[in-house]
Amino acid sequence: MSSFEYLKHAIRQKGCTLQQVADASGMTKGYLSQLLNAKIKSPSAQKLEALHRFLSLEFPRVEKRVGVVFGKFYPLHTGHIYLIQRACSQVDELHIIMGYDETRDRELFEASAMSQQPTISDRLRWLLQTFKYQKNIHIHAFNEEGMEPYPWGWDVWSAGIKAFMDSEGIFPDQIYTSEASDAPQYLEHLGINTVLVDPDRTFMNISGGQIRENPFRFWDYIPTEVKPFFVRTVAILGGESSGKSTMVNKLANIFNTTSAWEFGREYVFSHLGGDGRALQYTDYDKIAIGHSQYVDFAVKYANKVVFIDTDFVTIQAFCKANEGRGHPFVQAMIDEYRFDLVILLENNMPWVAGDFRRSGSGSERERKAFQAQLVSMLQENGIVYAHVDETDYDTRFLRCVSLVRQLMGEESGQ
Ligand SMILES: NC(=O)c1ccc[n+]([C@@H]2O[C@H](COP(=O)([O-])OP(=O)(O)OC[C@H]3O[C@@H](n4cnc5c(N)ncnc54)[C@H](O)[C@@H]3O)[C@@H](O)[C@H]2O)c1
């Protein structure tokens, strides 16, 4: 590879012809062409400087050590991060090239225990977020569609990745990997030396395959930015005084995780002096958006599972009960936010007077009517739910625990 590849790349980026570059830099097109192909032994410093100035490149050029890491990052794990941080501390500039191939990626997902498939943007975002404070790390996405998958497609893949790196101006001195058998292949196909990092994986004994097979077992190896993707969401529903807030708290305690409180209650306190009588139609979209922020925050810091007090169907049910009509924004939130498990608590526990209860809502008739409204709205929205109607507190709690354990794959369903 010519040592002036970076100049060729800069000229391509600028979109000028060789003649235009030569004219602007005070040289002939022939001289420029020979220079770019490293045919001139001692190029004129004056001409070189003019050329670099025209291309907005620093001069004299400081040689940078450039490294590259290739990976699928499906998903990103702490072993990858260890490799990347070691590489990063050995070079001036590190390029991470994430390969994607929709067919292969779907097959990996179908053979996995993951509950949803990460999009290419999810995988890119994990890398971008994780390394956002390290300005010498550059993240790229490379389409491997149509190439024989690793390790059978070395010829085609190498030609493709070389063309990609040329077009991006990436001219690596080193490739970093933990895979010892890839080193001779990289040298043969790309002419680049490999630095092996932790080839026996003793420092971080983890692979993407293990996480895909059992994300909860290998939870500690899932980076902070990736964990929310794997968190399972449990919404607890029920009318006023069904005991759902207490249940959310108990479940979050026992599963050692976070919960999202009912934003509507906070809103009634902060905006309506703690009295639900002052609620009006225009409050419901604000309650829904506030609730979604509570949910997102709880998911971000959750330990495998998160408990959510009230869903958007319940907010809409309150809107219908109080205003006689649903709110389109709340409906959009119902459609957008789907929870992994919805538990509907029967409203059959003793009535407990609370700060934010609606007036008259404690009557047996009102409680039953609200519960029926919830059930019919869940059905209308195609939301599958588990109905918990046990009447003593302990059995009710144990039933919920069992449902959550089933969701987490810790207990088989009955
Ligand atoms: N088609 C082909 O023949 C071919 C050939 C070479 C490379 N590739 C591509 O290169 C990329 C590399 O693939 P991959 O499957 O190795 O990606 P990967 O996401 O599994 O791993 C990325 C990098 O992290 C390293 N790593 C993984 N676990 C580690 C741990 N616990 N500790 C330290 N390092 C660890 C791997 O060795 C690799 O260098 C893919 O995009 C692949 O398609 C393809």
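Remarks
- Within this structure, residue 147 fails the test of being at pLDDT below 95, in the same structural domain as residue 74 (by the TED database) and within 22 Å of residue 211 (Cα to Cα).
- Unique residue being more than 16 Å from the ligand (Cβ to nearest atom) and either at pLDDT 95 or above or of a type in the set (Phe, Trp, Tyr) (or both) when the list is 21, 62, 66: 66
- Restricted to segment 183-203, and to residues there that are among the hydroxyl-bearing types (Ser, Thr, Tyr) and surrounded by 16 or more Cβ atoms within 10 Å (Cβ to Cβ), the residue that is farthest from the ligand (Cβ to nearest atom) is 194.
- All conditions but one from (1) more than 12 Å from the ligand (Cβ to nearest atom); (2) part of a loop (DSSP other than H, G, I, E, B) apply to residue 152; the one that does not is (1).
- Condition met for residue 265 (at pLDDT 95 or above and among the basic types (Lys, Arg)): no
- In segment 148-159, the residues that are on the phi < 0 side of the Ramachandran plot form Cβ pairs under 6 Å with partners that are more than 6 Å from the ligand (Cβ to nearest atom) and among the aliphatic types (A, V, I, L, M), at six or more places apart or across chains, as follows: 158/190.
- Any hit, segment 247-255, residues being more than 12 Å from the ligand (Cβ to nearest atom), in the same structural domain as residue 344 (by the TED database), aromatic (Phe, Trp, Tyr) and farther than 29 Å from residue 136 by Cβ: yes
- Just one of the listed residues (96, 11, 81) is under 30 Å from residue 209 (Cα atoms), out of contact with any strand residue (DSSP E or B) (no Cβ under 6 Å at 6 or more places or on another chain) and either outside the structural domain of residue 167 (by the TED database) or β-branched (Val, Ile, Thr) (or both), and it is 81.
- If you check 163, 141, 87 for being within 12 Å of the ligand (Cβ to nearest atom) and free of Cβ contacts under 8 Å to residues at least 60 places away in the same chain, only one passes: 141.
The values are calculated or read from the model by the stated rules, or taken from the named source; none is laboratory data. Treat the numbers as computed from the prediction; the structure is a model and nothing was measured. Note that each Cβ is placed from the backbone with ideal geometry, even for glycine, and that neighbours are counted across all protein chains shown.
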